[in-house]
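Note sheet for the following structure.
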Amino acid sequence: MLPITFLSDYGVEDEWVGVCHGVIERIAPGARVIDVTHGIAAHDVMTGALALRNAMPYLPHGVHLAVVDPGVGTARRALALRSTNGALLVGPDNGLLWPAARACGGIDAAVDISDSPLRLEPISNTFHGRDLFAPVAAGLASGKKLEEAGNPIAVSGIVALELPAALVQGGEVVAEVVSVDRFGNLGLHLEPTKLEAAGLSPGQALEVRAGSQSVRAIWGNVFRDAGEGEALVFIDSSGMIAVAVDRGRAADALAAGRGTRLRLSPWRH
């Protein structure tokens, strides 16, 4: 019996997560279910995709169930994937699974599970987590082969999640906020090497600007490298650049959220 990891935007106020757990237990009694998070903002596919990708290196080999599905009930496909390293991923074909699959070496095989023989009947138009994704994940965890879960499809047709590219412009870097965590830290799709390519270096004071708002930030290693209430540019646990305020919220200091473009340059004031 393979373990199942579970990520969604369902929250914890309603019964939806518990119902999915119940469906899994009925189909695959005793399967271990690890809840990665159910706190993804409603319909936020990008944040869900990045959370799943960032978690993958630390999750056990098994079946990875992810449901952030604003297109539920539409013509969007439902997928089960096998990655190159053997991980199995189940979720909607909206880009949610793409970064995690790439982190696992790419996609080895894929099936469309929209009409899966493993799904529950009758299937709800609005709760595919319960009636489709959880049953397929449970079936795979209990030994069903990927090919038994649905109809084979070309990997080339799977929806990719396009992440915004960071730009090096002379002595500054422009990057987009792709996540905001509960501490108000701003996660960027920005590799540290791009800061170095702009001539920036660890320990340096930087200006971080979002529109008309700007802060002075130290490129440091830990939050206390900045003084209390001061900003920090650092490499986060996913290996990407993020902006924080020690004992504060960078999102508030810069009036920034997901999609905000930040400019990082040397502090010259």
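The values are calculated or read from the model by the stated rules, or taken from the named source; none is laboratory data. These figures come from a predicted structure and were not determined experimentally. For neighbour counting, all protein chains shown are included, and Cβ atoms are generated from backbone atoms with ideal geometry for every residue, glycine included.
For the reader, a short list of remarks on this structure follows.
- Helices (runs of 4 or more DSSP H) (entirely within the range 95-200) containing at least 2 residues that are without any contact (Cβ under 8 Å) to a residue 40 or more places away in the chain and out of contact with any Lys or Arg (no Cβ under 7 Å at 6 or more places or on another chain): 146-149, 192-197
- Only one of the listed residues (A87, A66, A101, A109) is touching a helix residue (DSSP H, G or I) at 6+ places or on another chain (Cβ under 7 Å) and surrounded by 20 or more Cβ atoms within 10 Å (Cβ to Cβ). That residue is A66.
- Looking across G18, G48, G73, one residue alone is surrounded by fewer than 16 Cβ atoms within 10 Å (Cβ to Cβ), in contact (Cβ under 8 Å) with a residue 12 or more places away in the chain and not in a strand (DSSP E or B). It is G73.
- Flag if G257 is in a loop (DSSP other than H, G, I, E, B), closer than 17 Å to A205 by Cβ and either without any contact (Cβ under 8 Å) to a residue 40 or more places away in the chain or small (G, A, S) (or both): no
- None of R102, R130 is out of contact with any His (no Cβ under 9 Å at 6 or more places or on another chain), under 29 Å from L188 (Cα atoms) and among the basic types (K, R) except R102.
- S179 being modelled with pLDDT under 95 and buried (at least 20 other Cβ atoms within 10 Å of the Cβ): yes
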